[in-house]
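Coordinate-derived values only; no laboratory data. The model shown is predicted, which means the values in this text are computed figures rather than measured ones. Here the Cβ positions follow ideal geometry from the backbone for every residue, glycine too, while neighbour counts run over all protein chains shown.
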């Protein structure tokens, strides 16, 4: 039976845009979870892994302080906390180990619609409202511009209307919130996505082996999100043309059909979306009995 010290602890956003994606991804990696009574911990039933549901701002700190072994959090939070620690002369005791390719957004500067913006020099001697003070200051230092950062913990987009700032620096996904508040995006400071971070404290062989297994399973799930398994029959004479039509496929498996000398069965994993047009083109090339199946996971 595992002791608490032997179980992997993963910090995950309690509520927000990464929560459901993170939990679903780990469940697709084979983890069966049970919620605690207070709903703040998810216990792994079949693997020694527990999820701690916390504020996303707290995740880098919990991993850095070795309270949690891993964390799933946005790159924007990781970089803001890292720069904050460095500004205090303290090292960030966590490292990024995996990009999860969901939760995509960008940290951007935005100003009022119609405002004349002529490049970063337009920011000189302005006020910029943000909750990402360290990322903003680092950007301003990099471009050699002097501007005042005004800290806002929320509703940053209303700062210009309140007369508190000339620009804002905030996360942008679709841009709908900016447009609704009469703002337009002018510069991108950081492209962000969900990432996995790990404590720099040694985990020991047993724990590290489990972390490596999780990462391998993540690979197996994420690599096939858009993949499809295609099965079809085709004339031998059309093999070359059909291979060219299979989207994102490695060499397909070709098998003889029982009782037929001129037709074969073809099986292939296509790592790109398979559209109706693809199937219609395959049929026009001579394929028949086409079947497209989803791929849940794969280990190379």
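Quick one: 68, 29, fewest Cβ neighbours within 10 Å first, how do they rank? Write down the numbers at each step before the final one.
On the way: 68 26, 29 20.
Placing the least packed residue first, the sequence is 29, 68.
Could you tell me how many degrees, from 0 to 90 and to the nearest 10, lie between the Cα long axis of helix 133-143 and the main elongation axis, the longest principal axis, of the Cα atoms of the chain?
90 degrees
Just to be sure I understand: if I project the alpha-carbon convex hull of the range 1-144 onto a plane and average over all orientations, what area do I get in nm²?
Value for the range 1-144: 11.4 nm².
Based on the mean of other beta carbon atoms within 10 Å per residue, what is the order of 96-103, 56-63, most packed first?
56-63, 96-103
Only bridges whose two residues both fall in the range 105-191 count here: according to DSSP, what percent of them are antiparallel, nearest 5?
Given both bridge residues lie in the range 105-191, the antiparallel proportion sits at roughly 65 percent.
Give me 73, 254 sorted ascending by neighbouring Cβ count inside 10 Å, so fewest comes first.
Ranked by crowding around the Cβ, least crowded first: 254, 73.
Add -39500 (n - 2.57) for each DSSP H run of 4 or more in the chain, then divide by its residues: what number comes out at 222 nm, to the nearest 500 deg cm²/dmol?
-7500 deg cm²/dmol
Compare the peptides 74-87, 30-43 by average per-residue count of other Cβ atoms within 10 angstrom and give them in order, highest first.
Taking the mean over residues of other Cβ atoms within 10 Å, the ranking is 74-87, 30-43.
So for the chain: antiparallel DSSP bridges make up what percent, rounded to the nearest 5?
75 percent
Once the chain is represented by equal point scatterers at the alpha-carbon sites, with solvent omitted, what log10 I(q)/I(0) does the Debye formula produce at q = 0.11, 0.13, 0.15 Å⁻¹?
So the normalised log intensities are -0.84, -0.97, -1.08.
Does anyone have the angle between helix 205-222 and the longest principal axis of the chain? Alpha-carbon axes, 0 to 90°, nearest 10?
That works out to roughly 70 degrees.
Can you tell me the orientation of helix 19-28 relative to the chain, as the angle in degrees between its alpha-carbon axis and the longest Cα principal axis, to the nearest 10?
30 degrees
Which shape class applies to the range 228-294: rounded if a/c is under 1.5, otherwise prolate when a/b exceeds b/c and oblate if not, where a ≥ b ≥ c are the square roots of the Cα gyration tensor eigenvalues? Could the numbers behind the result be given before it?
On the way: a/c = 1.75, a/b = 1.53, b/c = 1.15.
In terms of gyration-tensor shape, prolate.
Among rounded, prolate and oblate, which fits the range 105-191 when a ≥ b ≥ c are the square roots of the eigenvalues of its C-alpha gyration tensor, a/c under 1.5 means rounded, and a/b larger than b/c means prolate? Please list the in-between numbers first.
Values: a/c = 1.31, a/b = 1.25, b/c = 1.05.
Rounded is the answer for the range 105-191, as its axis ratio a/c remains below 1.5.
Rounded, prolate or oblate: pick one for the range 86-130, where a ≥ b ≥ c are the square roots of the eigenvalues of its C-alpha gyration tensor, a/c under 1.5 means rounded, and failing that, prolate if a/b is larger than b/c, else oblate.
Taking the square roots of the gyration eigenvalues as a ≥ b ≥ c, the range 86-130 is oblate.
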